[in-house]
Amino acid sequence: MKIALFGKIGQWFAAHKLLGSLLVLILLAGAGTGGYFAWQSYLYRQSPAYALEQLKKALTPPSPQALAHLVDFNAVAGELASAMQESFSFCKSGPDQNRYFRDQVQTVLLRQLMTKEEPGKKIEGDYESLLDKPLVILPPDFVSQLLASLKLNDKDPANVTISASIRNPLLNQDFPLVLRLRRSSSGWLVSNLLNARDLAAQMREAILARQRASIGILERKYAAVRKQMEAALPIQDCTAEAGLLSDGKTLLLMIDLLARNTGDAAVNNFSFDLSLMNSQDQIILNRHVNGTKSVDPGEDLRQRWTFELDAHEPLAQSVLSGGKLSCKGFWRTLGLGNGKVLHLTEPPNLQTVCELPSHNHPQGFCVLPVFLE
C-alpha cells in the first residue's frame, strides 16, 4: 500500500513538475527561515542586551531570588565596603570594620528591594526644606530610578558595562553607578561596581555639604534672634574693676552693665555671656551670668555682678596685671513680659574635630545617628 502511495505522489510530481518544484522550494525556505530566527534568538539570549533585559525583568517588581542569579552581591558589596573604609574610616573602626560595612550595604539593598514601592512615591521639596528630614542613603523610589536610567555599553566586548544614575534629594546629588557585566558559565553576571571609591567619596562630600547647609540655616536664625535681642535691650555700657580685700587673699572683681529697654515688652529675666579684657583687649576670662529684674519699655537696666577670686591663682594674677579692665558681651537669653523667650544657641563649628574617641573627622558627622553608634 505504501509503494502505491509513493507511486501516486511520484506520478503527481511528474504531471506537475513546476508546481512540485515550487512546493519544495517553499518548504526548504520555511525550514531555513525558521532555523535562521532560531539561531538569532539563541545569539540574542547570549548577548549583554538580553542580560540587561533579564535584569530589568528581575526588578519589575524586585525579586531578590532572581537578582541573586544576575548580580554578584558579595563582590559588589565588598568593593563598596572597602571604599567606605577609606572615606569613613572612623565608623566602626577595628578588625571587623569591612564586614560591618559589607553587611550594612547588603542589608540596606535587601530592605529596599523587599519594600513595596508605591507608584509615584519619592522625596519632594526644595533642598533647604529637606534638611530637617532624617538622612537616608537610598531614596524610596530607588528601584524606579534604577529601571529608568539603566543603560548598556557593549562597544568593547572585553569590557561590557551598564550604567545608571540615582538622585538623592536629601543630599541634592546625582550618584552615578557603573557596573561591569562579566560572562560566566551560566550567562552574564553583574560582577563589579567600578566606581565604588568615587561613590563613597562623593557620599562623604555630599553629607558634609548637607551639614554646611544645615549650619547655614542655624546661623541665619542665630543672627536674626541676636538682632531681636539687641533691638529689645541694647547694651549702653559695660565696665569692670578689681581690687584686693583687706585680707590680701581675695580679689574682688565687679562688672557693671547698663542697658536700655527700647522694645515694646518688659524684660523680666536675662542671661549674659561676658568677656573680661585687659588693657591690650586680650580676653582674660569668660563668664555666663544671669539676673532677674523687671525692666519696662523705656527704662534702664543697671546690673552688677561680683566675683571673688583667690588672689594667688593665675586667673587673679592676670586680672591684677591686666591694667585697665574692660568688658563686653551679648545677651544669651531674654525672658519677655509677653511670654516670649529669646534664646541664642550657637551653631556647631564644622571646622572642629569630633571629640568622640577614634572620630578623627569633621564635627558634622557626629550629629548623624549612624556615626554615633
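Throughout, read-outs are computed from the coordinates displayed, never taken from laboratory work. Computed from a predicted structure; not experimentally measured. Here Cβ is always computed from backbone atoms with ideal geometry, including for glycine, and neighbour counts include all displayed protein chains.
Name the long-range amide H neighbours of Arg332: under 5 Å, sequence gap of 5 or more, or other chain; modelled H, no Pro or chain starts.
Placed amide hydrogens put Ser271, Phe272, Asp273 under 5 Å from Arg332.
Considering amide H positions built from the backbone, and no H for Pro or chain starts, which residues 5 or more places from Leu194, or on another chain, come under 5 Å of its amide H?
Val178, Leu179, Arg180
In debye to the nearest 20, how big a dipole does region 50-210 give about its Cα centre with +1 on each Lys and Arg Cβ and -1 on each Asp and Glu Cβ?
380 debye
Would you mind checking which residues have amide H under 5 Å from Ser47's amide H? H placed 1.01 Å from N; only 5 or more apart, or other chain.
HN-HN under 5 Å from Ser47: empty list.
Mind listing the phi-derived Karplus ³J(HN,Hα) values for region 48-54, rounded to whole Hz, using 6.51, -1.76 and 1.60 with θ = phi - 60°, and x for any glycine or proline?
Values per residue, Gly and Pro as x: x, 4, 5, 4, 5, 4, 5 Hz.
For Thr60 paired with His288, estimate the spin-label separation in nm (one decimal), with each label point 7 Å from Cα along the Cα-to-Cβ line.
Here the modelled spin labels are 5.9 nm apart.
Apply the a/c threshold of 1.5 to the C-alpha gyration tensor of region 50-210 and tell me whether it is rounded, prolate or oblate.
Oblate, since a/c reaches 1.5 and b/c is not below a/b.
May I ask you to evaluate 6.51 cos²θ - 1.76 cosθ + 1.60, the Karplus curve with θ = phi - 60°, for each residue of region 278-286 and list the ³J(HN,Hα) values in order in whole Hz, giving x for glycine and proline?
Along region 278-286, the couplings run 8, 5, 9, 6, 8, 6, 9, 8, 10 Hz.
Taking loop as defined by DSSP and a crowding limit of 15 other beta carbons within 10 Å, which trypsin sites (Lys or Arg not before Pro) in region 140-199 fit?
Those satisfying the criteria are Lys155.
Would you mind calculating the relative contact order of region 235-339 from Cα pairs under 8 angstrom and at least 6 residues apart, reporting the percent as a whole number?
38 percent
Counting Lys and Arg as +1 and Asp and Glu as -1, what is the net charge of the other residues whose Cβ lies under 13 Å from the Cβ of Asn261?
Its environment carries a net charge of -2.
So what are the ³J(HN,Hα) numbers for region 154-169, from phi and the Karplus equation (6.51, -1.76, 1.60; θ = phi - 60°), rounded to whole Hz, Gly and Pro as x?
Result, ordered by residue: 10, 5, 9, x, 8, 9, 7, 10, 10, 10, 7, 9, 10, 9, 10, x Hz.
Need one word for region 135-212: rounded, prolate or oblate. Basis is the Cα gyration tensor (sqrt eigenvalues a ≥ b ≥ c); a/c below 1.5 gives rounded, then a/b vs b/c decides.
Prolate, because a/c is 1.5 or more and a/b exceeds b/c.
Taking the Cα centre of region 50-210 as the origin and placing charges on Cβ (Lys, Arg +1; Asp, Glu -1), which of Leu138, Gln104, Phe90 is farthest toward the positive end of the dipole?
Gln104
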